[in-house]
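J.: This is the structure I want to talk about, given as structure tokens.
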Amino acid sequence: MINGTLKINRKVLHNGIEITLGRKDYFITYPAAIWKEFPDVFRQTFADSLTYFLTMHLSLSNGHRILYNFPPPITEPFFFKGMVYSLSENYLTADNKSKMADLLKLLYNRDFQIEFTGRPRYTRFKNVNRNSKKRAVIPFSFGKDSLLTFALADELGIKPYLIFFREPRSPHENRHKYKLAQRFFDEFDIDVHFFPLAPGWLREVDTDNTWGWGLQLTQYTLLTIPYLFGLKSKYLFWAHEQSCNDTFVNGEGFILNPVYEQSYNWVLTSNATAKVLGSNAIFASLLEPIHELAIIKILHSRYPDIAKYQTSCFAEEDIARSRRWCGVCTKCARMYVMFLAHGISPSKVSFFENMLTPKKRHLYPIFEQDLVKNDSAYAKSAAAKEEQLFSFYLAAKRGAKGPLMDEFKKKYFKAVKKKEKSLREKYFGIHTSNTLTYELKTPILKIFEEELSDLR
């Protein structure tokens, strides 16, 4: 740092990229067999794009002027658009302490403090049909979505290559996922490849806006591009469900999507942008047509041996050090009720905490509204609340018991019952499939129909 200016450089290495911030170096490395297949003509553009994308939030975090020692990357407008639309997540996780107008103003003004040296280089395109094998790279977390995506790809005869991005600020999650990966390999002979992400240290923690996390999944998308080349993979499968496309209007009149980078529109935009870096792989979400409740049902009924590995927990509290499910986050609460909605014992996935006691009340937005624990932008959305009400309703019909179930019955059961038919059609229905090509769509929708038709 010199006179309030943070100088950032990058270097292409024999096995990846070195990012330098002042005197601090961060390395992003790939297996030699993967990196050697990534064409030289794209490496410099890739390094510029990745360095900018992993550090652009620093001007928002501390207000410093940033000087990049390379020309503006060709992907810069793509990342800026992503930042604009992902501000909804910052707005919601800040618990309405900030206004959307203020966040937009901050992003707009701070962008003037980012400078590049040199003129943009011409991208050299090499039109080679490298992405031709029936194989899919799948960002993988052992959550319900990535597990079902793996299972579906396997059933379709598409060879999966699983990558878990190891965030340095998520030690508890990393520990649990490593243990699960060992068991997963022993049972299925499938490797989960752990990708250490050193620049993850640059993400903010314990702040209102948590800059650096907003486009985390899009960063992962960019990081997978050398794998698409190295594996000659035809597909990159994300695991974004139907509710990721929902929007609402806040009090200022802004249309917000709490998880914009998981929307089908952004998946398609990311796919188009990847072509600038030479990839002709197809980016898709096999789960786009269905909701979370349907995902739980299909995963646990059709693929029970895979489902038992599910871990859907933020794992941010110290209690998560020794627990696969922390039992103190909104995601644990949401999953617990969804299990009960389908008559699935939470113990099947090593979830032993009772989440229907009064001390868990603050984890459910249907009870606490704006006072719900502030660990998820999505948990506060109308879509999340409606699906949670329906989950409680289905669980109540199955005889689930507990103080919070009693409160639900008293406050909401009759109202939800009146809408049961429409809720079944929505949450067990099959919806848009914009990211699915015909060769994917036909067999996938057939599977969904087989599993969900009796629930509508």
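A short reminder: the numbers here are calculations on the coordinates, not readings from a lab. Because the structure is a prediction, the values reported are computed rather than measured. Here the Cβ positions follow ideal geometry from the backbone for every residue, glycine too, while neighbour counts run over all protein chains shown.
J.: From Cα coordinates alone, what are the radius of gyration and Dmax values for the stretch 295-394 in angstrom?
T.: 13.1, 38
J.: Would you mind calculating the gained length between ASN434 and ALA32 on full extension (0.36 nm times residue separation, minus the Cα-Cα distance), in nm to one decimal?
T.: Here the segment from ASN434 to ALA32 would lengthen by 141.2 nm.
J.: Would you please state which residues of the stretch 1-41 a label at LYS133 would reach in this model, taking the label point 7 Å out along Cα→Cβ and a backbone N cut-off of under 11 Å?
T.: 34
J.: Can you tell me the orientation of helix 438-452 relative to the chain, as the angle in degrees between its alpha-carbon axis and the longest Cα principal axis, to the nearest 10?
T.: It is inclined by approximately 20 degrees.
J.: Dividing the Cα convex hull volume of the stretch 215-271 by residue count, how many Å³ per residue is that?
T.: It is 78 Å³ per residue.
J.: Moving on to the next point. Looking at the square roots a ≥ b ≥ c of the eigenvalues of the Cα gyration tensor of the stretch 237-298, which shape do they give, rounded for a/c under 1.5, prolate if a/b is larger than b/c, or oblate?
T.: Oblate, because a/c is 1.5 or more while a/b does not exceed b/c.
J.: Just to check I understand the Karplus step: with θ = phi - 60° and J = 6.51 cos²θ - 1.76 cosθ + 1.60, what whole-Hz values come out for the stretch 357-366, glycine and proline as x?
T.: So the J values, rounded to whole Hz, are 8, x, 5, 9, 4, 6, 8, 10, x, 5.
J.: Counting only Cα, what are the radius of gyration and maximum Cα-Cα distance Dmax of the stretch 219-361, in Å?
T.: Both quantities, over Cα of the stretch 219-361: 18.1, 54 Å.
J.: Calculate how steeply helix 76-93 sits against the longest principal axis of the alpha-carbon atoms of the chain, using the helix alpha-carbon long axis, and give the answer as 0 to 90 degrees to the nearest 10.
T.: That works out to roughly 40 degrees.
J.: What do you get for the angle between helix 171-188 and the principal long axis of the chain? Use alpha-carbon atoms, 0 to 90 degrees, nearest ten.
T.: Rounded to the nearest ten degrees, it is 80.
J.: Apply the Debye scattering formula to the chain, with a single equal point scatterer on each alpha-carbon and no solvent, then give log10 I(q)/I(0) at q = 0.06, 0.07, 0.08 Å⁻¹.
T.: -0.26, -0.36, -0.47
J.: Quick check on the stretch 352-449: take the gyration tensor over C-alpha atoms, sort the square-rooted eigenvalues as a ≥ b ≥ c, and tell me if it's rounded (a/c under 1.5), prolate or oblate.
T.: prolate
J.: Quick one: work out the % antiparallel among DSSP beta bridges in the chain, nearest 5.
T.: About 40 percent, rounded to the nearest 5.
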